[in-house]
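**Q** Handing you this structure, nothing more for now.
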Amino acid sequence: MASLGLEDQVVLVTGGNRGIGAAIVNLLLELGAKVAYTYRSDYNPQMGSLAISADVTDKAAMEAVTEKVEEKLGPIYGVVANAGITRDNFFPKLTTADWDAVIDTNLKGVYNTLKPVIPKMYERRSGSVVCITSISGDRGNLGQTNYAASKAGTIGLTKSLALEAARYGVRANTVSPGFIETDMLTPISDKVKQRILSEIPLSRFGKPEEVAWAVAFLLSPIASSYVTGTVVRVNGAHHT
Ligand code: NDP
């Protein structure tokens, strides 16, 4: 029977307690991976996985996460940098605190997540990194200068990492979701949701599981072995 080859591979997912991250954790477990995930505030146990409390903005905490995962589950093969936040406002009203929070979580948080793991992957000549970016990073979005900057930055980080990592047998890719039904859509008014829906050719928001399958594909040492430095869009053709 065909397989994605993720059985018994150790994968770390940040922000795996809810939303897209939880869907990724669940799918990877179904595919037979050994999954560790971080949560910040809301512990939501997922059978068969290792849950670790850690904030991605805390560099030391993320170093400890890598150590703990390797001690409990074994060498990390895959990392999914998923944790992220929004603090939307039009640019004149955007506070420096909201700018900093989004950049620290969504961009520096990716750096903090990957920094302790990448050298280990290089040594082992094995690894697959998947960062979750956003349609906002691809094309910009009203009220999201901070968020779009963090997500476009993550695409640049990942593409550059892919170039450096290739010689070590390590791949790095991004998944760029469109609008996905999670808590992240809660602050958007019904009126704005209707406008966004009218722009999406598939005429609906995406589901977390639909993002999770793209992540599983990019993690797979079989299905995506020649795919690195790319952006996989999961957005219902919601382009510019
Ligand atoms: P949710 O708001 O449902 O979940 C966000 C997750 O990130 C939670 O697990 C949260 O943990 C975690 N998180 C946030 N800040 C931190 C932090 N400082 N340290 C550790 N964990 C943190 O969002 P989604 O599931 O929708 O989003 C997941 C990713 O997908 C994000 O990167 C987001 O930007 C991206 N994305 C989402 C889209 C959407 O439409 N939903 C569209 C495009 C991209 P806690 O529960 O502890 O707060």
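**Q** Report yes if Tyr43 is surrounded by fewer than 17 Cβ atoms within 10 Å (Cβ to Cβ) and closer than 20 Å to Thr182 by Cβ, otherwise no.
**A** yes
**Q** Sticking with this one: Evaluate the following for Gly156: is it over 19 Å from Thr113 (Cα atoms) and at pLDDT 95 or above?
**A** no
**Q** Find the residue count for region 95-113, including only residues that are away from the ligand (no atom under 14 Å from the Cβ) and touching a residue at least 24 places away in the same chain (Cβ under 8 Å).
**A** Going through region 95-113 one residue at a time, the tally reaches 1.
**Q** So, in region 204-233, of the ones that are of a type in the set (A, V, I, L, M, F, W, C) and over 13 Å from the mean Cα position of the chain (by Cα), which residue ends up nearest to the ligand (Cβ to nearest atom)?
**A** Among residues in region 204-233 that are of a type in the set (A, V, I, L, M, F, W, C) and over 13 Å from the mean Cα position of the chain (by Cα), the one nearest to the ligand (Cβ to nearest atom) is Phe205.
**Q** Given the condition buried (at least 21 other Cβ atoms within 10 Å of the Cβ) and either part of a helix (DSSP H, G or I) or more than 10 Å from the ligand (Cβ to nearest atom) (or both), answer yes or no: does some residue in region 189-203 qualify?
**A** No, that holds for no residue.
**Q** For Val130, are the conditions met, namely being closer than 19 Å to Val227 by Cα and crowded, with 24+ Cβ neighbours inside 10 Å?
**A** Spelling it out, Val130 is indeed closer than 19 Å to Val227 by Cα and crowded, with 24+ Cβ neighbours inside 10 Å.
**Q** Report yes if some residue within region 169-184 is without any contact (Cβ under 8 Å) to a residue 24 or more places away in the chain, within 15 Å of the ligand (Cβ to nearest atom) and surrounded by fewer than 19 Cβ atoms within 10 Å (Cβ to Cβ); otherwise report no.
**A** No: region 169-184 contains no residue that is without any contact (Cβ under 8 Å) to a residue 24 or more places away in the chain, within 15 Å of the ligand (Cβ to nearest atom) and surrounded by fewer than 19 Cβ atoms within 10 Å (Cβ to Cβ).
**Q** Out of (1) buried (at least 18 other Cβ atoms within 10 Å of the Cβ); (2) within 13 Å of the ligand (Cβ to nearest atom), the odd one out for Ala162 is which?
**A** So Ala162 meets the others, but not (2).
**Q** Something else now. Going by the conditions given, is Ala22 touching a residue at least 40 places away in the same chain (Cβ under 8 Å) and within 16 Å of the ligand (Cβ to nearest atom)?
**A** yes
**Q** Just to be sure I understand, how many residues within region 70-99 are more than 20 Å from Ala165 (Cβ to Cβ) and either among the β-branched types (Val, Ile, Thr) or surrounded by 12 or more Cβ atoms within 10 Å (Cβ to Cβ) (or both)?
**A** Summing the residues that are more than 20 Å from Ala165 (Cβ to Cβ) and either among the β-branched types (Val, Ile, Thr) or surrounded by 12 or more Cβ atoms within 10 Å (Cβ to Cβ) (or both) in region 70-99 gives 15.
**Q** For region 28-38, indicate whether the set of residues that are within 13 Å of the ligand (Cβ to nearest atom), under 18 Å from Glu209 (Cα atoms) and in contact (Cβ under 8 Å) with a residue 12 or more places away in the chain is non-empty.
**A** Yes, because at least one residue in region 28-38 is within 13 Å of the ligand (Cβ to nearest atom), under 18 Å from Glu209 (Cα atoms) and in contact (Cβ under 8 Å) with a residue 12 or more places away in the chain.
The values are calculated or read from the model by the stated rules, or taken from the named source; none is laboratory data. As the structure is a computational prediction, the values presented were derived from the model and not from experiment. When we count neighbours, we look across all protein chains shown, and the Cβ atoms used for this are built from the backbone with ideal geometry, even at glycine.
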